[in-house]
Amino acid sequence: MLHRRISQFFFIYLLALGLLLLFKYIFNLSDYVIPGPLDIHHTATLFFSRYLRDGLNTLSVAVVGHVLAVILATLVAIIGSRGNLIGSLIKTAAYNLQAYPIVAVAPVIFILLGDGLVSRLLIAAMICYFPLLLSFIGILTEPVADIEHFYVITGRMRWQLEVKIRAFENIGKLSTVIAGSATLAMVGTIVAEFIGANAGIGYSLRIALYQSNIAKVLVALFLIGIFNSLYLTLLEGIGYLVLKKLKIQNGVMS
Amino acid sequence: MHLFFRLILLVTLCGCCLLPAGGCGGPEPEKEPVHLVYRLKWLYNISVIGDLYAEEKGFFARQGLQVDIKPGGPERDAIKELEIGRSQFGVASADQVIRAVAKGSPIVVLAQLFQANPLQWIYRQGKQPIQSPADLRHRIIGITYGGNDETIFRALMAKYQIRKDELTLFGVRYDYTPFYQRKVDLWPVYRNAEGIIISDKLKKGGEKVNFFNPDTFGIRFVANSVITTRQMIQNHPQTVRKFIHALIKGWQQALDPVNADSALTMMARFDKDTPAALLRQQLMTTRALMIPPAGKNFGWINAPAWKQSADIMLAQKLIPAPVRTDDILILEKIGGKI
Amino acid sequence: MTTPPVYFECRNITYHYPKTDRLIFKDLNCRLRPHGFHGLFGTSGVGKSTLAEIIAGEISAESGELTGKPSATILYSSNMERLPGWSSVGEHVAKVIPRRQTDRMEQLFSDFGLTACRNSRFSQLSLGQKNRINLIRYLLQEFDLLILDESLANVDEAMRERIIFNIKEMFPGKCFLYISHSLSEVSRFCDTILVLRSPDKTPPIIPINGLNIRQGESTDNSNLERIMLEIVHAA
């Protein structure tokens, strides 16, 4: 799985780079506009290890932010899936809040919380939180009538059991949604670093753009792609193992 | 019949050989472009008043040019647009130009707008005034990492042998809160634009401010200049001459105190957020930063300052090899001849 | 002097499918003795499951009323139900029945031919096994009336007979309403057979007495044929 994803990323990256270089040579653009292969290689040699550390820093924040978002979205979705006033308020608030672009909210967060780790974490969590929340609410409000009927008619249904049934029956969807939102967590962290933080690959990207150094940008984008692929593969792997275990238990797979 | 086919083949081959020559750069002179795009370095503010004034008063039109003045911004780069061909003229700071030239960009400087760099550091007047760079020790200094204020400040530190551990550098963005909250002692601002606005805010709060100008201490780092490409000069010298003539006229008139009211009325239309009184102060400060020394025309290019800018960048390894700045400063060379 | 039994009774039930003009029942009246193995028969789509759900209180009739023993527990089970997949069927059933029913559960697993399946997950079972497991967990609940909607579908004939005899023997004081498409089955095993008719017919439901045979009793074929004919004519 990892091999396939990384090779897909390499293919897309190299294709995009090839197109850029083609553009450069067709229009005879300088290395300032689009760096040449030597310039990119030279920049990569100089900055790869530093950007690698920055990328790891970003990835660690994205992972923690993502985990926080998943936990928070689960809790809020459980409350939101209750058919009461609070639940309905949460649903409405989630739909409305997700419409705010994070670039508009992020500066306020940096003003309030400073440009350290907390702000980055919060923005990373926020950017993947709302899509997660809406998916979770959707899953947890959809009855699994053929299983729930017995518990309802015999008076055994409790909210914990209801959540368990619905989550278990939609484990594949949940796994896909969580893995899908991982990219958002990475994007959120990078945007946060770009806008206001003082560490991470997004911050390095911003400095590179200040310096109009496209070679640095290309190196940073390469590492972002690699880290994103790694994280996605990890999550997909976990999801696959969980599903495989469940399917074996249920006799679907041998 | 056989001969007929041979003839057709010959004509086709000749046609194929001639087509590229005709289509890609034959000897025929290119027409002078009428519609031009002029990409500014920043959003519409007081630092572009002359550019807008030239358009407003029809100076471009009188030269037979239609100029589309487009605002810049943090993610805009006039040099790249010039190379790609989306713009014909633009505004860039010296560090951008030097970096681009170091990477083979065919950019040339037509005129230097700011004679003194407007990038200065605002600070509150306190018990310990900053009278020399040595007074910066033990203070918290805001810099934009990767920005030209970092380059300027590091050059100052190097020149006055201020070690990193003798002061604290604080990475800044567009949000001034850390300065208002006194978390940072000195904050980089454009003296003629946000410098005026922040001063006004703090003055209203009963605080007095001052500006630290590295130029005063020998750090001469050139700011905004008007640029174009070598191809533009080679292929359309008339257009370049007309454009720069109209532009400089616009700037001269916009900065002339006689035209202040007219220029400010126009500016208020583009910069709706800045109160009229502050715009007036901004114009006065801009004038002081832009008017060239006696005997020089508006737009004069300060070649030694450009050389120093390049030397600073080389010393800080922002460019891999020396850049001959004289080769890219062409106003003097084309002055009057274009 | 004995107290007369309290019947489960539907009075003047009228019902349309939601958001349509399609009438299912109009002024439907029927009643069931409070114990015994009764049947509900009708052609496909006539509204058997809908009537069962109205009786169980899962959907409400537009008009009419249901009467019976006060606070009677009516359960509705169908062959569409599933058990959750996170535990084996044996663990699940043990968890959802009163503790005192454990011995009975063991007996039912054995009688219904499911002992070998108790450690399996629900999805691993055949359709017939699934229906039997589902039936066991319902049989072991507290109820006054249990509606069995096609609950023995996909179970072979011999096993169905065994299960029905077993239910009659084990739960003599309970009331069952068995919904089936098998004419001979309801005719043989059921006490009262409610024949549900299409809405254009009056009355909408006709009760017919079935053979209601028990374990060890032989089937009187001429009677069976008569009942079957009666049902066919009624439907």
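Just so you know, all these numbers are worked out from the coordinates, no wet-lab data involved. Since this is a predicted model, take the numbers as computed values, not measurements. No Cβ is skipped: glycine too gets one built from the backbone with ideal geometry, and neighbour counts run over all protein chains shown.
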Chain A: angle of helix A:117-141 to the longest principal axis, Cα-based, in degrees nearest 10
40 degrees
Surrounding charge for residue B:302, neighbours by C-beta under 10 angstrom, Lys/Arg +1, Asp/Glu -1, total +3
Please give the peptides A:117-125, A:53-61 ranked by average Cβ packing (other Cβ atoms within 10 Å per residue), highest first, as a rough proxy for protection.
A:117-125, A:53-61
Got a sec to turn the phi values of the stretch B:281-290 into Karplus ³J(HN,Hα) couplings, 6.51 cos²θ - 1.76 cosθ + 1.60 with θ = phi - 60°, whole Hz, x for Gly and Pro?
4, 4, 5, 4, 5, 4, 4, 4, 7, 9
Per the Cα gyration tensor, the stretch C:145-235 corresponds to an equivalent ellipsoid with semi-axes, largest first in Å, of 22, 16, 12
For residue B:171, residues with placed amide H under 5 Å, excluding near neighbours:
B:143
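Taking only DSSP H segments of four or more residues, each worth -39500 (n - 2.57), what value at 222 nm results for chain B once the sum is divided by all its residues, to the nearest 500 deg cm²/dmol?
On the way: 14 runs with 145 residues, N = 338.
Per the formula, -12500 deg cm²/dmol.
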Kindly rank C:152-165, C:121-134, B:155-168 from highest to lowest mean number of other beta carbons found within 10 Å of each residue.
C:121-134, C:152-165, B:155-168
If you wrap a convex hull around the alpha carbons of the protein assembly as shown, what volume per residue comes out, as a whole number of Å³?
331 Å³
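Can you classify the stretch A:46-249 as rounded, prolate or oblate using the Cα gyration tensor, where a ≥ b ≥ c are the square roots of its eigenvalues, rounded means a/c under 1.5, and otherwise it's prolate if a/b beats b/c and oblate if not? Don't skip to the answer; put the middle values down first.
Working: a/c = 3.57, a/b = 1.83, b/c = 1.95.
In terms of gyration-tensor shape, oblate.
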Pull up all non-local amide H partners of residue C:24: gap of 5 or more, or a different chain, and H-to-H distance under 5 Å with H placed in the peptide plane.
C:15, C:16, C:17
Among B:135, B:326, B:311, whose mean-square fluctuation peaks in a Gaussian network model of chain B (Cα, cutoff 10 Å)?
B:135
Working from Cα positions, state the angle (0 to 90°, nearest 10) between the long axis of helix B:148-159 and the longest principal axis of chain B.
60 degrees
Hey, which of these cross-link pairs are over 27 Å Cα-Cα: B:103/B:296; B:80/B:307; A:91/C:95?
B:103/B:296; A:91/C:95
Just to check I understand the Karplus step: with θ = phi - 60° and J = 6.51 cos²θ - 1.76 cosθ + 1.60, what whole-Hz values come out for the stretch B:247-255, glycine and proline as x?
5, 5, 4, x, 5, 4, 6, 5, 8
Residues listed by number, the stretch B:165-200, amide nitrogen under 17 Å from residue B:217 label point at 7 Å toward C-beta:
B:165-170, B:185-189
Would you mind telling me the antiparallel percentage of the DSSP bridges in the protein assembly as shown, rounded to 5?
50 percent
In a shell of Cβ-Cβ distance under 13 Å around residue C:188, excluding residue C:188 itself, what net charge do Lys and Arg (+1) and Asp and Glu (-1) give?
-3
So what's Rg/Rh here for chain C, counting alpha carbon atoms and using the Kirkwood radius for Rh?
0.97
How large is ³J(HN,Hα), in whole Hz, for each residue of the stretch A:219-225 in order, when computed from phi with the Karplus curve 6.51 cos²θ - 1.76 cosθ + 1.60 and θ = phi - 60°, using x for Gly and Pro?
5, 4, 5, 4, 5, 4, x
In 10 Å bins starting at zero, report the fraction of Cα pairs in the stretch B:72-191 per bin as a rounded %.
11, 37, 29, 18, 5, 0
The stretch B:132-172 and the stretch B:35-102: distance between their alpha carbon centers, rounded to Å:
31 Å
Taking one equal scatterer on every alpha-carbon of chain B, how large is log10 of I(q)/I(0) by Debye at q = 0.12 1/Å?
-0.88
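How compact is the stretch C:26-139 by the rule of thumb for globular proteins, expressed as Cα Rg over 2.2 N^0.38 Å?
On the way: Rg = 16.8 Å, N = 114, 2.2 N^0.38 = 13.3 Å.
Dividing the Cα Rg of the stretch C:26-139 by 2.2 N^0.38 Å gives 1.26.
Averaged across A:19-32, how many Cβ atoms of other chains sit within 10 Å of each residue's Cβ atom? Write down the numbers at each step before the final one.
Numbers: counts 0, 0, 0, 0, 1, 1, 0, 0, 3, 4, 7, 11, 5, 15.
If you average over the peptide's residues, the count of other-chain Cβ atoms is 3.
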A student applying the Cα gyration tensor rule (rounded when a/c is under 1.5; otherwise prolate if a/b is larger than b/c, oblate if not) would label the stretch C:9-49 oblate
Dipole-positive endmost among A:95, A:201, B:301 within the protein assembly as shown (Cβ charges, Cα centre):
B:301
If you average the alpha carbon positions of the stretch B:207-224 and of the stretch C:1-78, how far apart do those two centres end up, in angstrom?
91 Å
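For peptide B:171-182, what's the mean number of Cβ atoms from other chains within 10 Å of each residue's Cβ? Each step should come with its number before you reach the end.
Numbers: counts 8, 2, 8, 3, 7, 1, 5, 4, 0, 0, 1, 0.
Taking all residues of B:171-182 together, the mean is 3.
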Name the residue, out of B:146, B:295, B:73, whose mean-square fluctuation peaks in a Gaussian network model built on chain B with Cα pairs under 10 Å.
B:295
For residue A:21, project a label point 7 Å along Cα to C-beta. Then give me every residue of the stretch A:35-56 with its amide nitrogen under 17 Å of that point.
A:35-45
Charge tally in the Cβ shell below 10 Å around residue A:140, where Lys, Arg are +1 and Asp, Glu are -1, residue A:140 excluded
0
For chain C, set up a Gaussian network in which alpha carbons nearer than 10 Å are linked by springs, and say which option among C:100, C:11, C:197 fluctuates the most.
C:100
Between residue B:119 and residues 5 or more places away or on another chain, the pairs with built amide H atoms under 5 Å apart involve B:191
